[in-house]
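Asks: Shown below is the structure under consideration.
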Amino acid sequence: MHRLDRISRHINTQVERSLFVLGVLMIGVVAAQVFFRYVLNHSLFWSEELARYILVWLTFLGATAAYRRGAHPRIDLFAARLGSRGARALRVGAHLVAMAFCGVLVIYGAQFAYFVRLQISPALQIPKWTVLLVLPFSGLVMCLHAAAAIASELKESAS
């Protein structure tokens, strides 16, 4: 295992731990909202906003973990017909395309987070850039995972 793969694996472990914590937190927030609204007849004004922001973080961080695990859907029909070298080249090409899209996510996500830097969320009173910081962060993490996958593919082809 090369160094880039170790870093990618370590970051993915931390992301998956964060996903667990965020998932448990979201369950707690939604359960509290249901309890307060239907049992105590008193709605928590901040719970829907917090649950929405947690869902955004869960979505983007979950995409990075899925990318690392190779869980995104793919079509293997073409790779099977190309042979081992062609399939490897196709996988490297797919990772390069993914890196390009993730680079766009990093650049425009950072620009968007900067654009809303002065806005405050209505219920939680937190800066909105903290919520949108997940865009460039997840893009960077996916670029790292893609680079590690490319390095693994090239290492396999060399041996």
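Asks: Cut-off 10 angstrom, C-alpha nodes, Gaussian network model of the chain. Which of G83, G103, G28 fluctuates the most?
Replies: Taking springs between Cα atoms under 10 Å, the residue moving most is G83.
Asks: Okay, next question. Treating only the Cβ of Lys, Arg, Asp and Glu as charged (+1, +1, -1, -1), what charge dipole size does the chain show about its Cα centre? Round to the nearest 20 debye.
Replies: 400
Asks: Go through the range 74-82 residue by residue and turn each phi into a ³J(HN,Hα) via Karplus (6.51, -1.76, 1.60, θ = phi - 60°); whole Hz please, and just put x for glycine and proline.
Replies: 8, 10, 9, 4, 6, 4, 5, 8, 8
Asks: In the Gaussian network model of the chain, springs joining C-alpha atoms below 10 Å, which of H95, H72, H145 carries the largest mean-square fluctuation?
Replies: Maximum among the listed residues: H72.
Asks: Which entry in (1) 19.7, 66; (2) 14.7, 43; (3) 18.5, 61 is this structure's computed Rg and Dmax of the Cα atoms in Å?
Replies: Given (1) 19.7, 66; (2) 14.7, 43; (3) 18.5, 61, the calculated one carries the label (1).
Asks: Can you work out the Karplus-derived ³J(HN,Hα) for every residue in the range 88-105? Use 6.51 cos²θ - 1.76 cosθ + 1.60 with θ = phi - 60°, whole Hz, and x for glycine or proline.
Replies: Ordered by residue, 3J(HN,Hα) equals 5, 4, 5, 5, 4, x, 5, 5, 5, 5, 4, 4, 5, 5, 5, x, 4, 4 Hz.
Asks: If you don't mind, there's one more thing I want to ask. Could you work out [θ]222 nm for the chain from helices alone, using -39500 (n - 2.57) per DSSP H run of at least four and dividing by all its residues? Round to the nearest 500 deg cm²/dmol.
Replies: Helix-only estimate at 222 nm: -28500 deg cm²/dmol.
All of the numbers you see were taken from the coordinates with simple rules; none came from a lab. Quantities reported herein were computed from a predicted structural model and do not represent experimental measurements. Here the Cβ is made from the backbone with ideal geometry for all residues, glycine too, and neighbour counts use every protein chain on show.
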